[in-house]
Amino acid sequence: MLNVSQLTNLRLAKLQAAVTDWEQMTGKLRTLAAGGGGGVGGGIGAADLKAKAEAADWRGDNATVTKSFVTKTASEFNDVVTEAESVHSVLRDALAALKRHQEDLRTTIDRWTKKNVYINEQGTATSAVPSGAAAGSAKIEAPTQEDVDRAAAEVAKILEAADDTDQVAARALRKLAQNKYDFGKTSYQGLDDAGRKQAIEDADLAVKLASKGAELTDAELKRFNEIVKLQSDNPVFAERFATKMGPEGTLQFWRSLADPGHGDTPTGDRAKILATVQDNLGLTLATASRLDTPAMQDWKDGVIAAGDDRIKHPGIMSAPYGYQVMSSLMTKGTWDKAFLNSYGTSLIDFERDNSRLGADWLWDNPGHPAQLNYPPGSTKPDNDPVASFLEALGHNPEASLEFFNGSNGRSSDDHDILSNWDYLVDKDNKDGREWPVDEDGKTTGYTNLGHALESATLRYAYDDKNPGIPPTDTEAQKTARDERTDLMERVVDHYKTADTIDKQDGIRDSLANMAAGHIDSLNYSMANWGGSGELADRDGLFGFEGNRLRDFGEGDSANFLRALTSDKESYDTVSTAQQIYGSSAMAAQGNDRQDALDAGLHSATMHGLLDEARGESIGKEFGDEKEERNRQLEKQGAWRDFAAGAVIGATAGVGAAVIVPTGAAAAIAVPLAFETVGGAAETQFSNQTLDWLKENEFDNSEESLEGIQEAKRQGQRNAMTPLLNYAEAQGMDDTKVRALTRDARREYLAGGSYTDTDDVRGW
């Protein structure tokens, strides 16, 4: 893999000279082949020589040996020209591409350097803010973590493209030069043509290896994996491989490879290899699924048709359904939207037709055991194809939204039409799905359900490392936003008790991410006490029209947040989002002091609601275990950990957002309230508030436990910081600050009343 230094300092003069030399050589060879060049060969070319040789009256050995030699040698000149033209075309395109990559890299590095982001030789990006002495009186804008991550991603993309250019060109040139004593028939019209032909060669080799199935040695399996890993995002390779394997062949290959039976379920090194094969094979097939060609449509139709077939392996009885085999390959990559919805509808129809004894029996029938996911015991769903399918929806937001808005079934004796939402989400629905459980009585598939809902309501893959709020500029984008908030309204309405959430173990994290991503509508919904929203111009305060907000209902919103934030991790996520959104809501009011204060006071209400819900939960959980209760309550401000790595979007604009890290693989785009730059969004208030969020990190790890009061002070500090920053920026006198503090305290306590149920306190 090329690094930054190698590409930046790459000297292309020799490559340029080679291009020029081969261009000249190609011209001379064409003349030798065709004749008529004047100086070369006296105007007689290989074609003339061949014609004369074939027309001559040869006798004796000359008629066989000499004539054959002359005509064959003359014909070789055509192959010489073909290879020379191929070499020139590959070198020419490689030169142009490398120049482009080099210029892209230099431009990108220069652009980020001006934003105080440093790129090292390996492409790693870091903040590089000058010291105070070096900066002097100049105001230095420190880059956000989002800036740093985006810079690294841009550089990595350029380096990857340059490396692809290098590898394709090198492989093409080696292919042209592989025969020392003969000129072959290989020809390339350019770098793209070389890449396409290489993809076809690799696909054919992968199919040849796959034909061995379970008989593949570890070395052969590694070779197969190397090929599909290299080409998994190449449409030419993906289509060639999928269509040559065929739908049944694809299913049979993975079924036999993953579980050959006879007590030979792969373990150890082979299981590790199979884990990467499963992922890379899935990524390849996902790429193929997105191609709109007749051959691929036939493949997709064939896969769906084979879903209810038993996929057997010679010599053993175990035979999982095609749906199980196919779904196990769908947990990675972005699959085609239309295919996902057709496949999912077919899958659920089959399940509803055949699960009279329960989904457990249908998919985990002891008579047909199968090991289809690697490594064994991983987080991938075991044999539940619906759960694996939902994981695929988690990577395709448009498909996921369409699916949850769709339905399954048919009006017949088998089963009536039922919405996919009712079947998958509503566990208490009499026609709803009975989810399979593991040995511990838990349903791992609810995690996948959460991932699918997350992508549908947020419009980015649940594990997107750099998500963003989708724009709402066009009518189509506005309609899509409304469809997402429609679904989120159903989420809020359904998951409004802790019991409902707890019944679906594994879904809570996704619900917290959804709440953070829709924190703007949740704030709007909670600003209608006693039906006062319209007269109080709630729409104007929160930017209802411009931000396409939705009223989820005050009661439902409060219940949803109470049920959700009783859990520590969920509380951390949602309170972080609230802190950010509340500050941005103040900034959105421009220079209107009263509206800014009203927005800040409303945020204090929201903090009170969240803090009370968390506090009550801890009281129930720990009872009289005072020390442990205090320790947990101190973590009430655990969003402090976010400050070290979070990204604060200080630039106002449509769709502006803050990226909140929530774990090793997940991130949340929290919407900001302001739409346009202006007013307080550019004042000292905005800078102070957003800088404080970015730089201040609560850290009481070395402090002794001070109990509940310390935890409460920490939560109150979260609520007050934006208001105090604003007061300082506006130059409020002490009398006004005291009045503001009284108002904030009242609102904070009022927020707590929403979630104060007088349940077991433990204190």
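What the table below lists for this structure:
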{"read-out": "Space enclosed by the convex hull of the alpha-carbon atoms of the range 510-596, per residue, Å³", "value": "92 Å³"}
{"read-out": "Net length gained if the chain between Ser5 and Ser419 were fully extended (0.36 nm per residue, minus Cα distance)", "value": "143.5 nm"}
{"read-out": "For the range 454-570: rounded, prolate or oblate by the Cα gyration tensor [a/c cutoff 1.5]", "value": "oblate"}
{"read-out": "Label-zone membership for the range 1-23, site Gln167, 7 angstrom Cα→C-beta point, backbone N under 13 Å", "value": "1-2"}
{"read-out": "Cβ-defined net charge surrounding Asp21, 12 Å radius [Lys, Arg +1; Asp, Glu -1]", "value": "+2"}
{"read-out": "Cα centre as origin, Lys/Arg/Asp/Glu Cβ charges: the range 321-392 dipole, Debye", "value": "160 debye"}
{"read-out": "Euclidean distance of C-alpha centroids, the range 514-544 and the range 221-267, integer Å", "value": "51 Å"}
{"read-out": "Cβ crowding within 10 Å averaged over residues, with 101-107, 426-432 ranked highest first", "value": "101-107, 426-432"}
{"read-out": "Only Lys, Arg (+1) and Asp, Glu (-1) charged, at Cβ; the range 413-541 dipole about Cα centre in debye", "value": "460 debye"}
{"read-out": "Furthest towards positive pole of dipole, Gly445, Asn408, Ser455, structure part the range 395-538, Cβ charges", "value": "Ser455"}
{"read-out": "Chain lengthening between Asn429 and Asp505 when straightened (0.36 nm per residue, less Cα-Cα)", "value": "25.6 nm"}
{"read-out": "Potential extension, Met25-Gln297 segment - 0.36 nm per residue separation minus Cα distance", "value": "93.3 nm"}
{"read-out": "Lys, Arg +1 and Asp, Glu -1 on Cβ, resulting dipole of the range 503-544 about Cα centre, debye, nearest 20", "value": "180 debye"}
{"read-out": "Prolate/oblate/rounded label for the range 244-305 (Cα gyration tensor, a/c 1.5)", "value": "oblate"}
{"read-out": "Inter-label distance for Glu545 and Arg111, nm, one decimal - labels placed 7 Å from Cα along Cα-to-Cβ", "value": "3.4 nm"}
{"read-out": "Accessible surface, the range 220-355, averaged per residue in Å² (probe 1.4 Å)", "value": "37 Å²"}
{"read-out": "Calculated FRET value between Ala142 and Met317, using beta carbons and R₀ = 41 Å, to 0.05", "value": "0.05"}
{"read-out": "Alpha-carbon centroids, the range 76-107 and the range 351-374: separation in whole Å", "value": "55 Å"}
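The values are calculated or read from the model by the stated rules, or taken from the named source; none is laboratory data. Everything numeric in this text was worked out from a predicted model, so none of it was measured. Glycine also receives a Cβ, built like all others from the backbone with ideal geometry; neighbour counts cover every protein chain displayed. Note: accessible area is taken over every heavy atom of the protein model, side chains too, but ligands, DNA and RNA are not part of it. Shrake-Rupley method; radii C 1.70, N 1.55, O 1.52, S 1.80 Å.
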